[in-house]
Amino acid sequence: MPASYRKSKLFRRSRVFWGSFSRWRPRLVFWCGALAIGVISVGFAELADLAQNAFTGIISAGKWTYLLPLVLSPFGFMLSAYLAATLFPNSQGSGIPQAIAARHLRDEEDRTRLLSLRIAFGKILLTVLGLFCGASIGREGPTVQVGASIMLAVARFGGMAQARGLILAGSAAGIAAAFNTPLAGIVFAIEEMGRTYESRANGLVLTAVILSGLAALGLAGSYNYFGEASAAPADLRDWGLVLVCGIGGGALGAGFSGFALHFGQRIRRWAHPQPLKRMLALAGICGLAVAVIGIASGGATFGTGYVQAKGAVEGQALPLLFFVEKLAASFLSMMSGIPGGIFAPSLAVGAGFGSTVGSLLGTSIALAAILGMAGYFSGVVQAPMTAFVIILEMTGDHQAVIPIMAVSMIGYVTSRVLSREPLYHGLSRVFIAAAIRARRAVEKEEAAG
């Protein structure tokens, strides 16, 4: 066989191999990205727990240490707000509005301002810092921005053109891994992030959720976020909870989201002349107020509220005004502008509201807490399917499927009547408008130059 023929045959084989690899490279990069979201989500959860436990340990170490939040919280809030504004811009708040805004932006540079590996790192760091300082925030919303940032980086590295679909997939994977709720991740992507079902993205979302979930499962094991619950309506009073928790929870959620959008707009106008100086002052004031509320509540309103919500789901009645205190602490933490989510605190507020209703009506505390979570959470995010699925997966309470569905829908309808604009989508418009202004400024400079 001539040497030239052997060389040409070898060349053809190498072209087939590299051609095949180039077709598989985007898939491999995407799979690695999805696995990375699961691993990072578990690590994020561990760091968040360590930070919250460290804060609890500090304030309960001695006779007067319960007063330390009066110094630690304002200083920590100001430090977090400063780092977010200077080193990690667009890392403020939950992170879900940034992911939604990035899906609406078409320019890659505009998306990168909202979703990047740098922002993902800052989001994790500053959320952990907030929890170490007693902020009433959660890590689940930030995990959405982290997951979306990883997937957008994957799109660039793997040469994938489906940026909008990958942001959706990364967001879903983040929710799924953060709560260990794969179905909720998919529903969240469809209902809250996309608001419309995109058939081209469904495979990406499903694959990302599966792989990130497997990674989280391998590291953290199989678990329900709030353990196992088996509460079910037993009499007419229990069924009365459906209406009370649905209407009451939806109204509270509408109040939270409506006031957040209203005061957020007023704060941006107030801070405009000196944004850094004034936002730092606001963060310090909010931190001090959160500390005062936390001390008055005996430390119950600090952090995510997971312990209190889990206790209520297990049937332990919470103080009657816990939900009011937790709602106030969560609202102030959000208004301060520090990075941190509202998922976990919202579930704690809902569980507290349900516990109070259950105590006053003399019904099952566990059932009332679960229904309170469904009603309030649905009212805040105005996404009833997500609320129903995420609470069902977190509690494993399959005996109360119909009541949870009903409360979620009633809470959603009540919230829509009182507050027409969904919270996350209202907040996302702020980032879209800022991106448009930045783009126009650049174009104006280029035209002048």
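Look at Ile37 and say whether it is in a helix (DSSP H, G or I) and surrounded by 18 or more Cβ atoms within 10 Å (Cβ to Cβ). Show your work before the answer.
On the way: in a helix (DSSP H, G or I): yes; surrounded by 18 or more Cβ atoms within 10 Å (Cβ to Cβ): yes.
Criteria met by Ile37.
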Residue that is most open to solvent (accessible area, probe 1.4 Å) [pool: residues in the stretch 65-76 that are in a helix (DSSP H, G or I) and aliphatic (A, V, I, L, M)]: Val71
Residue that is more than 25 Å from Ala102 (Cα to Cα), assigned to a helix (DSSP H, G or I) and either basic (Lys, Arg) or at pLDDT 85 or above (or both), where the choices are Ser408, Ser428: Ser408
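How many residues, within the stretch 262-291, are surrounded by fewer than 17 Cβ atoms within 10 Å (Cβ to Cβ) and either under 28 Å from Pro319 (Cα atoms) or aliphatic (A, V, I, L, M) (or both)? Even if it seems obvious, please write down each step before you answer.
As a first pass, look at the stretch 262-291 and keep what is surrounded by fewer than 17 Cβ atoms within 10 Å (Cβ to Cβ): 262-263, 265-270, 272-278, 281, 285.
If we keep only those that are either under 28 Å from Pro319 (Cα atoms) or aliphatic (A, V, I, L, M) (or both) too, we end up with 267, 276, 281, 285.
So the answer is 4.
From the list Gly379, Gly426, exactly one residue is touching a helix residue (DSSP H, G or I) at 6+ places or on another chain (Cβ under 7 Å) and farther than 22 Å from Val357 by Cβ. Which is it?
Numbers: Gly379 fails: farther than 22 Å from Val357 by Cβ.
Within the list Gly379, Gly426, the selection yields Gly426.
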The stretch 392-423, residues that are closer than 24 Å to Ala366 by Cβ and aliphatic (A, V, I, L, M): Leu392, Met394, Ala400, Val401, Ile402, Ile404, Met405, Ala406, Val407, Met409, Ile410
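Can we say Thr386 is part of a helix (DSSP H, G or I) and in contact with a helix residue (DSSP H, G or I) (Cβ under 7 Å, 6 or more places away or on another chain)?
Values: part of a helix (DSSP H, G or I): yes; in contact with a helix residue (DSSP H, G or I) (Cβ under 7 Å, 6 or more places away or on another chain): yes.
In short, yes.
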Check on Ile402, part of a helix (DSSP H, G or I), among the aliphatic types (A, V, I, L, M) and open to solvent by 30 Å² or more (accessible area, probe 1.4 Å): yes
Inter-residue pairs, beta-carbon under 6 Å, first touching a residue at least 12 places away in the same chain (Cβ under 8 Å) and in the stretch 113-140, second outside any helix (DSSP H, G or I) and of a type in the set (D, E, K, R), 6+ apart: Thr127/Arg139
Some residue of the stretch 157-179 being under 28 Å from Ser60 (Cβ atoms), among the aliphatic types (A, V, I, L, M) and part of a helix (DSSP H, G or I): yes
Single residue of the stretch 51-64 satisfying the filter (in a helix (DSSP H, G or I) and without any contact (Cβ under 8 Å) to a residue 40 or more places away in the chain) that is least open to solvent (accessible area, probe 1.4 Å): Gly57
Number of the condition not met by Leu79 [criteria: (1) open to solvent by 70 Å² or more (accessible area, probe 1.4 Å); (2) in a helix (DSSP H, G or I)]: (1)
Odd one out for Met151, checked against (1) open to solvent by 10 Å² or more (accessible area, probe 1.4 Å); (2) more than 16 Å from the chain's Cα centre (by Cα); (3) modelled with pLDDT of 85 or more: (1)
Any hit, the stretch 314-325, residues being within 27 Å of Leu50 (Cβ to Cβ), of a type in the set (Asp, Glu), assigned to a helix (DSSP H, G or I) and open to solvent by 10 Å² or more (accessible area, probe 1.4 Å): yes
First in the stretch 171-185 and more than 18 Å from Ala102 (Cα to Cα), second anywhere and buried (at least 24 other Cβ atoms within 10 Å of the Cβ) and acidic (Asp, Glu), Cβ under 6 Å, 6 or more apart: Ala178/Glu140
Per-region count, the stretch 350-383, residues closer than 18 Å to Tyr412 by Cα and surrounded by fewer than 24 Cβ atoms within 10 Å (Cβ to Cβ): 0
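Restricting attention to the stretch 406-427, and to residues there that are of a type in the set (Ser, Thr, Tyr) and under 10 Å from Ser257 (Cβ atoms), which single residue is surrounded by the most Cβ atoms within 10 Å (Cβ to Cβ)? Lay out the reasoning, then the answer.
The first filter runs over the stretch 406-427 and keeps only residues of a type in the set (Ser, Thr, Tyr), leaving 408, 412, 414-415, 419, 424.
Right, trim to under 10 Å from Ser257 (Cβ atoms) and you get 415, 419, 424.
On the way: Ser415: 30, Ser419: 25, Tyr424: 26.
Among those residues, the one meeting the criterion is Ser415.
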Counted residues, the stretch 210-252 - those being modelled with pLDDT under 75, among the hydroxyl-bearing types (Ser, Thr, Tyr) and either crowded, with 19+ Cβ neighbours inside 10 Å or in contact with a His (Cβ under 7 Å, 6 or more places away or on another chain) (or both): 1
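The values are calculated or read from the model by the stated rules, or taken from the named source; none is laboratory data. All values reported here derive from a predicted model rather than from experimental measurement. When we count neighbours, we look across all protein chains shown, and the Cβ atoms used for this are built from the backbone with ideal geometry, even at glycine. With ligands, DNA and RNA removed, areas are computed over all heavy atoms of the protein, side chains included. Shrake-Rupley method; radii C 1.70, N 1.55, O 1.52, S 1.80 Å.
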